[in-house]
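The values are calculated or read from the model by the stated rules, or taken from the named source; none is laboratory data. Treat the numbers as computed from the prediction; the structure is a model and nothing was measured. Because the Cβ atoms are built from the backbone with ideal geometry, glycine has one as well, and the counts that use them run over all protein chains shown.
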Amino acid sequence: MKHYLTAAAAVSLLLGTTSAYPQSAATAALTTPDLSYEAVPNFFQAPPGDYMGELQGVASNSKGHYFAYFRGPQTRLWEFGPDGKFIKEIGKGFYGFQFAHSVRVDRHDNIWTVDEGTNVVTKFDPTGTKVLMVIGHRPNLADGPYATPHGPNPPDEKYTLCRPTDVAWDQNDNIFISDGYCNNRVMKYSPEGKFLAENGSEKVGKGENEYNLPHGLQVDHQGNVYVADRGNNRYVVLDNNLKWKTAYTSFGTAWSDCISEGPHQYLFMSNSNPNGNGPGTWARTGQIYKAELDGTPLGKFGHAGKLAPGFQVVHMMDCRNPNQIIVGEIESWRMQKFVLKESDAAAKPAAKKAAKKGRK
Amino acid sequence: MRCFATLLLAAAATIALPAMAQEISYATSQPLTLPHDTFFGYVTGVATNSKGHVFVYTRNGEPTITLGGSRAFAHGGSNLYEFAPDGKFIRQIGKQVYGFLAAQQVRVDKNDNIWVVDRYSSMVMKFDPQGRLAMLLGRKPESVDVPSSPDTGRGNPPGSGQQSDLFQSPTDVAWDAAGNIFVADGNGNARVAKFTRDGVFVKSWGSRGADNSQFKTVHGIAVDAAGNVYAADRGNNRIQVFDNDGNYKSSITSGGNPEAICISPGAHQYLFSSNSNPANDLDHGGEIYKLELNGTVVGKFGQAGKGPKDFGSVNAIDCRNPNSLYVAEAGNWRVTKVDLH
């Protein structure tokens with residue numbers, strides 16, 4: 001009987017059913033001021049006659065180019081110029097692309113993709129024409145799917161990822177990977193891809209050093225790691241060796257985080273509206289929070305909605321410039337650009353206004 | 001569970017390593033350049049011809065499963081490329097060929113015919129130097145199971161030692177001086193199959209086990225100038241040597257747990273053996289041994305890893321020139337040229 005229950009839990013996890021990850025309101029919502037912001041409509045332009053799909057990953061490089069990693073008929077990676085115009089497709093037909101989850105750009109402008117279909121994290125050179133490294137192992141065709149929806153997760157392994165979700169780096173170029181849907185852990189690898197540390201395991205948990213779908217991660221300039229522990233509604237902070245430091249629990253469901261560049265880094269967190277939950281969920285979810293790295297909320301912006309500039313399940317954010325946020329949305333198949341009005345709203349105590357809004 | 005077993009094997013392989021092998025100094029490079037929008041995937045086969053051209057067989061595309069009325073059919077997913085001696089891309093061979101599914105190996109015989117071994121279609125395909133199909137061994141299974149169970153479904157249980165000209169996840173092919181064909185069969189079956197140069201099935205030997213003339217898997221095969229057959233018994237940490245008729249002669253245990261082997265041509269032949277790391281372990285093994293044909297260790301080089309001088313799950317060695325090798329790194333999705341000093 002017990003075994004059966006475990007199996008059932010695993011099934012719901014693997015299917016990603018919404019009941020496994022009920023959406024929760026952010027307790028910070030009432031006390032966090034609204035940031036004023038502007039949407040830039042139709043900033044990103046697909047080539048004529050072509051379409052983006054579920055927008056899982058967004059990123060930018062140091063030259064202001066943007067990258068979109070999305071699930072179309074094939075999983076694809078597109079590059080856009082600073083003006084939002086389409087430049088080129090990268091990795092067309094690449095063996096490491098099957099089911100997009102994240103794209104990020106490191107401090108050397110190398111482009112990294114995280115694919116939860118192939119279980120592979122790929123490092124492309126800045127031009128996107130050369131593969132410099134692959135981490136993880138695409139299951140052999142002949143072996144069938146690595147994770148089946150029929151039992152507990154397979155034991156975790158140092159060099160095999162299981163539906164990984166995100167990648168980040170510290171200032172020494174060590175590689176951090178959140179892994180993922182069928183492991184529940186954070187990995188640290190050397191710049192050459194050698195295993196250094198692990199936090200978590202294949203098992204789901206809600207205590208310290210445990211995760212329930214680590215869905216994204218970022219690393220600050222000091223080397224601390226911020227993990228979006230989606231199923232546990234918290235952002236976990238680890239030190240550079242993946243030792244547990246603390247967790248931020250007031251920002252709702254931890255879909256995705258982003259840490260800006262520059263001398264003063266900010267932490268952005270998305271309490272994205274859920275896939276397929278019931279009536280009323282949009283009223284309590286959908287905002288993106290801006291905070292100090294220590295978790296002190298500074299402001300929030302955005303709302304759930306089908307029509308732009310609403311958010312329709314924000315999956316990843318780019319915040320290289322903390323006043324310019326790019327979001328990738330699952331359900332509206334789009335990537336949007338937002339400009340945050342600097343500091344004026346953040347400086348005002350807008351708690352009353354926020355409270356009023358929260359009752360709607 | 002499967003992965004756990006692999007880990008144990010890896011640990012066993014590490015313990016079994018000969019400790020005294022001398023380090024051979026070496027340099028590496030990646031000279032092959034692909035056309036725009038073409039990338040290597042899981043690189044399993046590399047071979048050169050007499051003109052120094054390089055052939056690579058790689059799983060770098062999406063295998064397509066189409067749903068028939070009552071069965072599922074699989075095709076595509078692997079590609080064969082030819083490169084000039086300087087690494088420039090020349091052409092693709094066998095595009096849309098029925099038997100290309102999960103790349104396993106490519107070899108070039110002394111007449112520059114190109115032989116392709118496909119693990120999932122369980123076929124050995126001979127192309128002439130112009131790239132035309134010249135001979136086919138084995139038959140692709142008509143349909144696939146989803147989720148797959150490719151190592152079953154051909155009558156007798158895999159590894160039972162059945163005499164048949166059908167394969168079960170074959171891994172490699174080699175020839176003797178007379179042109180007789182030896183197929184390593186392989187991952188599913190655990191045997192060696194011998195054919196005449198015209199493809200007439202002569203016999204096969206071996207079954208799953210650990211005794212002499214038994215194999216865990218036959219993961220590579222090579223034939224020396226005298227016609228002796230060397231079978232890489234991956235999983236049993238040995239290379240078994242047979243005479244040309246399949247009679248057991250000896251076992252070589254100084255080459256680690258062999259994932260790929262190669263015998264160089266020329267008056268003094270060498271045997272190369274890769275103690276390849278499994279995909280889930282970059283911290284042990286990965287070195288390649290250079291041996292005399294009797295198993296005496298000349299030296300070793302390399303280790304598991306992702307760096308420029310590391311090897312990631314080497315699945316093939318080309319040793320036409322014993323001082324300048326090509327290796328197919330399945331785990332690193334690349335082909336590396338290794339110059340030994």
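Below are the figures for this structure:
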quantity	calculated
Meets criteria (of a type in the set (Ser, Thr, Tyr) and under 13 Å from A:Asp239 (Cα atoms)) for A:Tyr189	no
Whichever residue in segment A:223-241 is of a type in the set (A, V, I, L, M) and in contact with a Gly (Cβ under 9 Å, 6 or more places away or on another chain) and, among such residues, is surrounded by the most Cβ atoms within 10 Å (Cβ to Cβ)	A:Val227
Filtered residues of segment B:100-129 (kept if touching a residue at least 24 places away in the same chain (Cβ under 8 Å), within 14 Å of chain A (Cβ to nearest Cβ) and in a loop (DSSP other than H, G, I, E, B))	B:Phe100, B:Leu101, B:Ala102, B:Arg119, B:Tyr120, B:Ser122
In segment A:22-49, the residues that are in a loop (DSSP other than H, G, I, E, B), touching a strand residue (DSSP E or B) at 6+ places or on another chain (Cβ under 8 Å) and either without any contact (Cβ under 8 Å) to a residue 60 or more places away in the chain or of a type in the set (D, E, K, R) (or both)	A:Ala46, A:Pro47
Output for segment B:245-294, where each listed residue is acidic (Asp, Glu) and either out of contact with any strand residue (DSSP E or B) (no Cβ under 9 Å at 6 or more places or on another chain) or under 19 Å from B:Ala27 (Cα atoms) (or both)	B:Glu287
Of residues in segment B:44-67 being more than 13 Å from the chain's Cα centre (by Cα) and within 14 Å of chain A (Cβ to nearest Cβ), the one surrounded by the fewest Cβ atoms within 10 Å (Cβ to Cβ)	B:Thr64
Residue satisfying all of: in segment A:186-222; buried (at least 17 other Cβ atoms within 10 Å of the Cβ) and in a loop (DSSP other than H, G, I, E, B); farthest from the chain's Cα centre (by Cα) among these	A:Lys194
Segment B:61-95, residues that are in contact (Cβ under 8 Å) with a residue 60 or more places away in the chain and not basic (Lys, Arg)	B:Ile65, B:Gly68, B:Ala72, B:Phe73, B:Ala74
Residue match in segment A:41-59 (condition: more than 20 Å from the chain's Cα centre (by Cα), at pLDDT 95 or above and within 14 Å of another protein chain (Cβ to nearest Cβ))	no
Members of segment B:179-219 found to be assigned to a loop (DSSP other than H, G, I, E, B) and within 21 Å of B:Pro141 (Cα to Cα), listed by number	B:Asn187, B:Gly188, B:Asn189, B:Ala190, B:Gly199, B:Val200
Identity of the residue in segment A:1-21, in a helix (DSSP H, G or I) and closer than 30 Å to A:Pro297 by Cα, that ends up modelled with the lowest pLDDT	A:Thr18
Count of residues meeting criterion [without any contact (Cβ under 8 Å) to a residue 60 or more places away in the chain and either within 14 Å of another protein chain (Cβ to nearest Cβ) or more than 19 Å from B:Ser250 (Cβ to Cβ) (or both)] in segment B:288-313	10
Set A:Glu342, A:Glu331: member being under 18 Å from A:Met52 (Cβ atoms) and at pLDDT below 95	A:Glu331
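Results for (1) within 16 Å of A:Ala59 (Cα to Cα); (2) modelled with pLDDT of 85 or more; (3) assigned to a helix (DSSP H, G or I), shown as yes or no for each residue.
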residue: A:Pro279; (1), (2), (3): no, no, no
residue: A:Tyr289; (1), (2), (3): no, yes, no
residue: A:Ala308; (1), (2), (3): no, yes, no
residue: A:His315; (1), (2), (3): yes, yes, no
residue: A:Phe338; (1), (2), (3): yes, yes, no
